[in-house]
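Engineer: My questions all concern the structure below.
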Amino acid sequence: MSVFLDDRPKPIRSLSRFLAFALIVIVGVSGLTARLFYLQIVDGGRPTTLSARNRTVIDAIRSPRGVIYDREGRALVTNVPTFVVKLRPSDMPLDQRPVVVDRLAALLGMTAAEINAIIDGNPGSTFDLVRIAGDVDRLTAQLISEAGADLPGVEVAVEARREYADGPLMSQILGYSAPISGDQLKTLKDAGYLPDDLIGKVGIEAEYETLLRGVYGSESVERDASGRRSQVLQTIAEARPGDSLTLSIDTKEQQYAQKAMLWAMKEVGIKRGVVIVMNPQTGEVLALVSLPSYDNNIFARGISNADYAKLLKNPDKPLLNHAIQAHYPPGSTYKLVAGTGVLADKKITSKTKVQTKGYLTLGSTKFYDWNHRGFGACDIYCGFGHSSDTFFFQMAGKLGIDRLGYWAKQYGFGKPTGIDLPGEVAGIVPTNEWKQDVLGSPVFPGETYQAGIGQGYDVVTPIQLINAYAALANGGTVYQPQIVRDVVGPDGTIVRPFKPKVLQKMAVPSSVLSIMRNAARSTVTLRHTYNLVDLPIKVAGKSGTAEFGTRDRKGRLPFHSWFVGFVPKDVRHGSFDGTDSQLIVLAFAYDSRTKGNVATEIVKYYLQQHFGIKKDYRLPNLLKRGNFYQSN
Amino acid sequence: MGVIRAQPARVTDWAAKSVGAAWRAFDLQLTTYAGLLVAIGLVMAYTNSVESGSMPLEAGTTFSRGLMWAAIAVVVFVLATAFDYHWLKTLAWPIYALQLGLLILTLAIGDGIGGSARWVSVGPLTFQFSEIAKILMIIVLASYLASREGRLDSLASILGACLLVGPPLVLVMLQPDLGTSLVFGAILAGMLWMSGASLRWLAVLAVGVMAMVPVAWTYLLHDYQKARLISFLDANPDIQGAGYQLYQAQIAVGSGGFVGKGLTNGTQTQGDFLPVQATDFVFATLAEELGFIGGIVLFILFVLLIWRVLVAGWRSRDAFGTLFAAGVASMIMFQLVVNVGMVLGVMPITGIPLPFVTHGGASLVSMAAGLGILQSINIRQTKAAW
């Protein structure tokens, strides 16, 4: 170490480098000072003048959800203010949590475990509000609001809830909006959904979610010490209210249709049924009833687990829209396909007569007509009008399964119609290829027979069936059924006016469809549908009785009843040579077990109401319990 | 150990002088400024402890842990002052090995948030070895550059220094701790500058680093790092996401005003809006509660401290002392600007602590060691330059 004193090396220090370094320090710290001065003094007045103990958070500005009207402009759903209790976990000190949760539970009439489960199940961060309870009554809301200091992190908000004017009448169409689930939030968080958000879950509310919701804005909000909003500081982005919708549904028609169905349900004890009313010229749906239904207001208020379990357990599936979300064998209504096919493929003409019998024999199997005596020599009007099974066994045989499938698809069967409701199913149109794929064997001739009368592998949704007959009525255009007519912007202007959507034009001569319309008229005139011909209006249509399930002790099968009918524009004097029909109605009665065709009676009752026919043509004695096939 | 052997040597060397002369060479100012900064840090820890609702002196609070670390720092400082810094040159290579060992250990057994490995648990304490690695890096670099005295303006010296810094820098980056690796870069730059390295080669080096930036951006940085780095440039920041801390910090700073809201009254900090208020965003708490005045006082203390560090370097008669002081000054300066700049929204978000103030044991202890070594340098010069 002594060397160190004597033999000291020349220092490497350089004054200029030291000064340069010092300069950098001065410049750097001056920059920081300037910035601090700007933030705290120049720009700082803004937050401080507000309140020393207030804090700022960014909140979403919820956009008012669009309203839904029927075609006459009647509001079907409105937004009503409701008290909602929410909690921001980050504002609730952890050690106080048990106390806060207990107090809240007592006030809301819930258990602490329920509330804890909600808080812990919160999919967002601890800075996000968690929705604890909705539709809280005013008194409770007030109590919680006033107990603010004892309930840190708890907020009472006034939020809009959906109020459905008609409950079960429209719930199968409208669906409902309800609090978003954790799984939905995961995928929708980036789209701006909040953990305590509402979202359209089913029906029109779900189908048109994006339009109805609008676009949320955001604002910075000052909150007081207990976490409640005290003042809006700045609007960062305005909210854009959701669009409103005008439906093609007419409440009056919907009520007629529901009334007709409910009458049959009461009279016969049917558990499920569908009535659909459409305009064949546009694809507009005027009424769509699927029973049993449910009250969508229960969901909008926040359904209890017990109530939800009850709905799920109901064997008649009230949450399912049977008009679009389930498919059934079409029965004789499907004879439209075979009839159109043999005429278009020129297997027969309108004058060709075919021998009908009590049964046909194929190999060792007898294929019975529903009328065990047969109808003798029949042309298409006779065969379709009497709904002769042996006639159509032969027609199906002439066509073969693949041509039958081709014509079914021409009518739009076998794929969803694209109606603007979620969850539509496709139905099945059997062909050789289909059966090979699904069941591993080609179609047997007997199965082709069965397919010709709608009793084979073919299944259809009620909406597909009415849409097919609508194409018959309008001269061969298959439209996409539409529930929503117009989309109306927040300012009341129509942003998307109604436009019929053509799915396909049928590749069929108009003369063939004219024959089939008149054949459908003969169903009525030949009194296959009893006294429907006596009504002061002209109806054409087709009934169907579709067996399903397993035989009872007497070897009888349960069956569904179908009827689909349409009227010319001039309902009293019009003709079915024309294609001007403005109204088509379908009724479907699940497991009907009556002597007559209950669906025909339902359509009849609907038409009586629609056209204001005073005289009652209904035939209650035909609805006595019995078996259609056995009684004939 | 060095401490025991160095002590008598000093006394004998300076036999002619009084012990008082050594004491006079001890830079009281340097220690005072650092002490005041630590005190501010403790006050911030106190206010945070109060605001989180616990008694400040309870075991385990930010404040009580801060007190404990401050005590440890004092001991380390005294030991480092007593230790003859000349030994450090001898021990340079073992120290380098120790530094690399600590960083590798961190990667191997470290814990961190979101898959990173930054903290090592030693009993009840967690330790961020990368903080210690910074001081060790300065020692190693100073030794190396001092050993090349006379050839310091050659390219070889610069490259040698870069090669020394490379491995620890990469190890820190792998943790991944982008901020600390940048501190390594700043230390290297400051020390090369003070070593009198050729301006031409330094310029080449600077251009080279610039050219590397796009490459690093594309291939080396994680997406979250990029998001944090650029969030301060964003005019409409994602205030619920990467820009959240920044937005809340700016509200805290802005609401402080000229004199602040008073200690323990910061509502931003009280509301836990600042997720890392006790550590990286401590300046936001200070600015909110002590206002512009508090911020200026802090800046002045830092400027005075850096000045005294530079003075120690200037007074050093050997290159090691000058270079060591340059390293410490660069580190303090860089961390001050980046940390405070981050809170003020003019620097990217990186996890760099504010020296002395940030609550964090390793940072404080390594700073104490650094200042102790500086004092050791101060009192072991026979003649003060000024």
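Engineer: In debye, nearest 20: dipole of the range A:251-627 around its Cα centre with unit charges on the Cβ of K, R (+) and D, E (-)? Don't skip to the answer; put the middle values down first.
Structural biologist: Working: 46 positive and 28 negative charges, 199 e Å.
So the magnitude is around 960 debye.
Engineer: Only Cα pairs under 8 Å and at least 6 apart count here; give the relative contact order of chain A as a rounded whole percent. Walk me through the intermediate numbers first.
Structural biologist: Details: 1322 pairs, mean separation 83.6, N = 632.
Taking the mean separation of contacting Cα pairs over the length of chain A, I get 13 percent.
Engineer: Starting from the Cα gyration tensor of the range B:316-367, take the square roots of the eigenvalues, sort them a ≥ b ≥ c, and report rounded, prolate or oblate (rounded when a/c is under 1.5, otherwise prolate if a/b is larger than b/c, else oblate). Don't skip to the answer; put the middle values down first.
Structural biologist: Details: a/c = 3.84, a/b = 1.79, b/c = 2.15.
Cα axes put the range B:316-367 in the oblate bin.
Engineer: While we're here: Starting from the Cα-Cα distance between A:Lys310 and A:Glu547, subtract it from 0.36 nm times their residue separation and give me the gain in nm to one decimal.
Structural biologist: 82.4 nm
Engineer: Run the numbers for A:Lys266 and A:Leu19: contour at 0.36 nm per residue of separation, minus the present Cα-Cα distance, in nm.
Structural biologist: 78.9 nm
Engineer: Ok, one more. As an exercise, use a Förster radius of 56 Å and the Cβ-Cβ distance of B:Ala71 and A:Leu143 to find the FRET efficiency, rounded to the nearest 0.05. Show your work: numbers first, answer last.
Structural biologist: Numbers: r = 51 Å, r/R0 = 0.92.
Step by step, r from the Cβ atoms, then E = 0.65.
Engineer: Consider all pairwise Cα distances in the range A:251-627 and report the whole-number % of them above 26 Å.
Structural biologist: 50 percent
Engineer: Can you classify the range A:211-314 as rounded, prolate or oblate using the Cα gyration tensor, where a ≥ b ≥ c are the square roots of its eigenvalues, rounded means a/c under 1.5, and otherwise it's prolate if a/b beats b/c and oblate if not?
Structural biologist: Working: a/c = 4.77, a/b = 1.87, b/c = 2.55.
In terms of gyration-tensor shape, oblate.
Engineer: Related question: For labels at A:Gln96 and A:Asp402 in the simple 7 Å Cα→Cβ model, what's the distance in nm?
Structural biologist: 7.7 nm
Engineer: Set Lys and Arg Cβ to +1 and Asp and Glu Cβ to -1, take the dipole of the range A:251-627 about its Cα centre, and tell me which of A:Val564, A:Tyr479, A:Asn432 lies farthest positive.
Structural biologist: Final value for the positive-end residue is A:Val564.
Engineer: Once you charge only the Cβ atoms, +1 for Lys and Arg and -1 for Asp and Glu, what is the size of the charge dipole of the range A:177-264 about its Cα centre, to the nearest 20 debye?
Structural biologist: My answer is approximately 200 debye.
Engineer: Give the order of A:Asp402, B:Asp177, A:Asp197, A:Asp616 when sorted by the count of other beta carbons within 10 angstrom, beginning with the fewest.
Structural biologist: Taking fewest neighbouring Cβ atoms as first place, the list is A:Asp616, A:Asp402, A:Asp197, B:Asp177.
Engineer: A follow-up question, please. Averaged over peptide B:330-341, how many Cβ atoms belonging to another chain are found within 10 Å of each residue's Cβ?
Structural biologist: The per-residue average across the peptide is 3.
Engineer: As a check on your grasp of the helix formula, calculate [θ] at 222 nm for the protein assembly as shown: sum -39500 (n - 2.57) over DSSP H runs of n ≥ 4, divide by the residue count, round to the nearest 500.
Structural biologist: -15000 deg cm²/dmol
Engineer: So who's got an amide H within less than 5 Å of the one on A:Tyr176, skipping anything under 5 residues away but keeping other chains? H placed 1.01 Å off N, in plane.
Structural biologist: Distant-sequence amide H within range of A:Tyr176: A:Lys201, A:Val202, A:Glu205, A:Ala206.
Engineer: Counting C-alpha atoms alone, how compact is the protein assembly as shown: give Rg to one decimal and Dmax as a whole number, in angstrom.
Structural biologist: When restricted to the Cα atoms of the protein assembly as shown, Rg and Dmax are 43.0, 143 Å.
Engineer: Given a Förster distance of 51 Å, report the FRET efficiency between A:Ala426 and A:Gln231 from their Cβ-Cβ distance, rounded to the nearest 0.05.
Structural biologist: Working: r = 55 Å, r/R0 = 1.08.
After rounding, the FRET efficiency stands at 0.40.
Engineer: State whether the range B:160-213 is rounded, prolate or oblate according to the following rule on the C-alpha gyration tensor (a ≥ b ≥ c being the square roots of its eigenvalues): a/c under 1.5 gives rounded; otherwise a/b larger than b/c gives prolate, and the remaining case gives oblate.
Structural biologist: Cα axes put the range B:160-213 in the prolate bin.
Engineer: If you place +1 on the Cβ of every Lys and Arg, -1 on the Cβ of every Asp and Glu, and leave all else neutral, what size is the dipole of chain A about its Cα centre, to the nearest 20 Debye?
Structural biologist: For this selection, approximately 2180 debye.
Engineer: Also, I was wondering about something else. By the 4.7 Å beta carbon criterion, which cysteine residues of the protein assembly as shown come out unpaired?
Structural biologist: Cysteines of the protein assembly as shown left without a disulfide-compatible partner: B:Cys162.
Engineer: Could you list B:Cys162, A:Cys378 in order of exposure, starting from the residue whose Cβ has the fewest other Cβ atoms within 10 Å?
Structural biologist: Lowest to highest Cβ neighbour count: B:Cys162, A:Cys378.
Engineer: Run the quick spin-label model on B:Leu79 and A:Glu72: label points 7 Å from Cα toward the beta carbon, then report their separation in nm to one decimal.
Structural biologist: Computed distance between label sites B:Leu79 and A:Glu72 equals 9.2 nm.
Engineer: Note the full-extension length gain between A:Thr493 and A:Lys624 as 0.36 nm times their separation in residues minus their Cα-Cα distance, in nm to one decimal. Intermediate results must be reported in sequence, preceding the final value.
Structural biologist: Numbers: separation 131, 0.36 × 131 = 47.16 nm, distance 5.24 nm.
Working it through step by step, the gained length comes to 41.9 nm.
Engineer: Then there's this: Which helices count as membrane-span-like in chain A under these terms: full DSSP H, at least 27 Å along the axis by C-alpha, Kyte-Doolittle mean of -0.5 or more?
Structural biologist: A:15-37
Engineer: Just going by the charge dipole of chain A, with Lys and Arg at +1 and Asp and Glu at -1 on Cβ, which of A:Ala141, A:Pro462, A:Ser63 is farthest out on the positive end?
Structural biologist: Positive-most Cα among the choices belongs to A:Pro462.
Engineer: Would you mind getting me the FRET efficiency between B:Asp153 and B:Val297? Use the beta-carbon distance for r and R0 = 30 Å, nearest 0.05.
Structural biologist: So the FRET efficiency works out to roughly 0.15.
We did not get these values from a lab; they are worked out from the coordinates using the rules stated. None of these values were measured; they are calculated from a predicted model. Don't worry about glycine lacking a Cβ; one is built from the backbone with ideal geometry, like all the others, and counts go over all protein chains shown.
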